[in-house]
Amino acid sequence: MTVKEVMKTLESMGSEQTRNIYKKHGAECDLFGVKVGDLKTIVKKVKKDYQLSKDLFETGNGDAMYLAGLIADETKMTKADLKKWAKQSKWYYTSEFAVPWVTAETKHAESLADEWIKSKKENIASSGWATWACIATLKDDADLDIKKLKGLMDHVAKNIHEQPNRVRYAMNGFVLTVGGTVGALTNHAMKIGKKMGKVSVNMGETACKVPFIPDYLEKMKDKNRIGKKKKTCRC
């Protein structure tokens with residue numbers, strides 16, 4: 001499919017109801033309001049397409065940018081591509097979902113995550129923390145630098161409450177994800193979560209809540225989900 005064909009299809013799939021939901025979730029970009037389930041019908045047709053994903057992201061349309069993250073070919077994405085995507089992502093559906101999902105599957109994952117978490121820009125810093133969360137989710141514990149992850153968790157505990165809104169959410173998500181997917185750091189995540197306390201994040205006109213790490217990890221333990229890895233974070 002060409003970018004024009006995809007955009008026409010997205011427009012036909014969009015609805016005012018879904019668009020309004022996305023607006024309540026902070027979408028300030030142009031978008032048609034397409035449900036993720038409907039986006040996946042396009043994914044089945046195009047599979048992974050490097051050029052199409054770049055063309056879709058370039059449109060600035062929220063639905064198209066999210067779809068780009070689902071079809072991007074991680075083996076072809078360059079560092080420059082990913083940095084451009086992080087810079088262009090203004091809505092957290094792309095900055096904390098689409099961009100980190102793809103980045104974590106590339107050879108540039110850790111270097112970009114390290115660079116992004118130091119950014120003063122909210123959208124880029126949140127991409128960095130979300131990318132680190134995805135890295136922990138995808139890599140076997142033996143392939144992770146446990147000491148480094150622990151150090152990043154300690155950094156979050158000391159600095160989270162001073163960060164911009166979405167960075168606080170991404171940092172909290174990072175500690176929770178590491179605690180839930182890296183068995184050696186579960187107890188440390190519990191300790192960090194208690195030290196941080198409940199993290200305040202403005203969730204807009206939604207009923208969404210920020211997970212309290214100790215409670216969430218206890219639920220994961222009860223369901224025997226600690227240490228479970230994924231083949232992809234894209235969804």
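Check off (1) touching a Phe, Trp or Tyr at 6+ places or on another chain (Cβ under 8 Å); (2) over 23 Å from Val43 (Cα atoms) for Ala86 and give me the number that stays unchecked.
Ala86 satisfies every listed condition except (2).
Restricting to the stretch 185-198, count the residues that are out of contact with any Gly (no Cβ under 9 Å at 6 or more places or on another chain) and either at negative phi or buried (at least 18 other Cβ atoms within 10 Å of the Cβ) (or both).
From the stretch 185-198, those out of contact with any Gly (no Cβ under 9 Å at 6 or more places or on another chain) are 191, 194-198; that's our starting set.
This time we only want the ones that are either at negative phi or buried (at least 18 other Cβ atoms within 10 Å of the Cβ) (or both), so: 191, 194-196, 198.
Residues meeting the conditions: 5.
Given the condition hydrophobic (A, V, I, L, M, F, W, C), touching a residue at least 60 places away in the same chain (Cβ under 8 Å) and out of contact with any Lys or Arg (no Cβ under 7 Å at 6 or more places or on another chain), answer yes or no: does some residue in the stretch 79-96 qualify? Write out each step before concluding.
Quick first cut of the stretch 79-96, residues hydrophobic (A, V, I, L, M, F, W, C) only: 80, 82, 85-86, 91.
Pick out the ones that are also touching a residue at least 60 places away in the same chain (Cβ under 8 Å) and you get 91.
Those left that are additionally out of contact with any Lys or Arg (no Cβ under 7 Å at 6 or more places or on another chain): 91.
Yes - at least one qualifying residue is present in the stretch 79-96.
Can you list the helices (runs of 4 or more DSSP H) lying wholly within the stretch 1-63 that have 1 or more residues being small (Gly, Ala, Ser)? Let's see the steps before the verdict.
Details: elements: 3-13, 16-24, 36-46, 50-58.
Filter on the stretch 1-63 gives 3-13, 36-46, 50-58.
For the stretch 90-98, check the following and say yes or no: at least one residue is assigned to a loop (DSSP other than H, G, I, E, B) and out of contact with any helix residue (DSSP H, G or I) (no Cβ under 7 Å at 6 or more places or on another chain). Full working, then the answer.
Taking the stretch 90-98 first, the residues assigned to a loop (DSSP other than H, G, I, E, B) are 90-91.
So of that shortlist, the ones also out of contact with any helix residue (DSSP H, G or I) (no Cβ under 7 Å at 6 or more places or on another chain) come out as none.
No, the stretch 90-98 has no match at all.
Please note which helices (runs of 4 or more DSSP H) are completely contained in the stretch 158-235 and include at least 1 residues that are free of Cβ contacts under 8 Å to residues at least 12 places away in the same chain. Break it down into steps so the answer makes sense when it comes.
Working: elements: 165-181, 186-196, 213-222.
Those helices (runs of 4 or more DSSP H) span 186-196, 213-222.
How about the stretch 109-132: which of its residues are crowded, with 20+ Cβ neighbours inside 10 Å and either free of Cβ contacts under 8 Å to residues at least 40 places away in the same chain or not hydrophobic (A, V, I, L, M, F, W, C) (or both)?
Once the filter is applied, which keeps residues that are crowded, with 20+ Cβ neighbours inside 10 Å and either free of Cβ contacts under 8 Å to residues at least 40 places away in the same chain or not hydrophobic (A, V, I, L, M, F, W, C) (or both), the stretch 109-132 yields Ala109, Leu112, Ala113, Trp116, Ile117, Asn123, Ile124, Ser126, Ser127, Gly128, Thr131.
Is it the case, given these coordinates, that Met190 is more than 17 Å from the chain's Cα centre (by Cα), within 21 Å of Ala125 (Cα to Cα), of a type in the set (A, V, I, L, M) and modelled with pLDDT of 95 or more?
Working: more than 17 Å from the chain's Cα centre (by Cα): yes; within 21 Å of Ala125 (Cα to Cα): no; of a type in the set (A, V, I, L, M): yes; modelled with pLDDT of 95 or more: yes.
Criteria not met by Met190.
Among the residues of the stretch 30-58, what is the count of those that are closer than 17 Å to Gln17 by Cβ and out of contact with any helix residue (DSSP H, G or I) (no Cβ under 8 Å at 6 or more places or on another chain)?
Total satisfying the criteria: 1.
Inspect all residues belonging to the stretch 167-178 and state whether any of them is loosely packed, with under 12 Cβ neighbours inside 10 Å, outside the structural domain of Glu28 (by TED's automatic domain parsing) and either in contact with a His (Cβ under 6 Å, 6 or more places away or on another chain) or of a type in the set (S, T, N, Q) (or both). Step through it out loud before you land on a result.
Here is the first cut: in the stretch 167-178, the residues loosely packed, with under 12 Cβ neighbours inside 10 Å are none.
No: the stretch 167-178 contains no residue that is loosely packed, with under 12 Cβ neighbours inside 10 Å, outside the structural domain of Glu28 (by TED's automatic domain parsing) and either in contact with a His (Cβ under 6 Å, 6 or more places away or on another chain) or of a type in the set (S, T, N, Q) (or both).
Pull up the stretch 133-151, narrow it to residues that are hydrophobic (A, V, I, L, M, F, W, C), part of a helix (DSSP H, G or I) and touching a residue at least 24 places away in the same chain (Cβ under 8 Å), then point me to the one that is surrounded by the fewest Cβ atoms within 10 Å (Cβ to Cβ). Let's see the steps before the verdict.
Pass one, the stretch 133-151, residues hydrophobic (A, V, I, L, M, F, W, C): 133-136, 138, 142, 144, 146, 149.
Subsequent filtering for residues that are part of a helix (DSSP H, G or I) retains 133-136, 138, 142, 146, 149.
Adding the requirement that they be touching a residue at least 24 places away in the same chain (Cβ under 8 Å) leaves 133-136, 138, 146, 149.
On the way: Ala133: 25, Cys134: 27, Ile135: 25, Ala136: 22, Leu138: 19, Ile146: 14, Leu149: 22.
My answer is Ile146.
Check whether at least one residue in the stretch 23-39 is modelled with pLDDT of 95 or more, of a type in the set (A, V, I, L, M, F, W, C) and over 23 Å from Lys90 (Cβ atoms), and report yes or no.
For the stretch 23-39, residues modelled with pLDDT of 95 or more, of a type in the set (A, V, I, L, M, F, W, C) and over 23 Å from Lys90 (Cβ atoms): absent.
The values are calculated or read from the model by the stated rules, or taken from the named source; none is laboratory data. Predicted model, so just to flag it, every value in this text is computed and none were measured. Cβ sites come from the backbone with ideal geometry, for glycine too, and all protein chains shown count toward neighbours.
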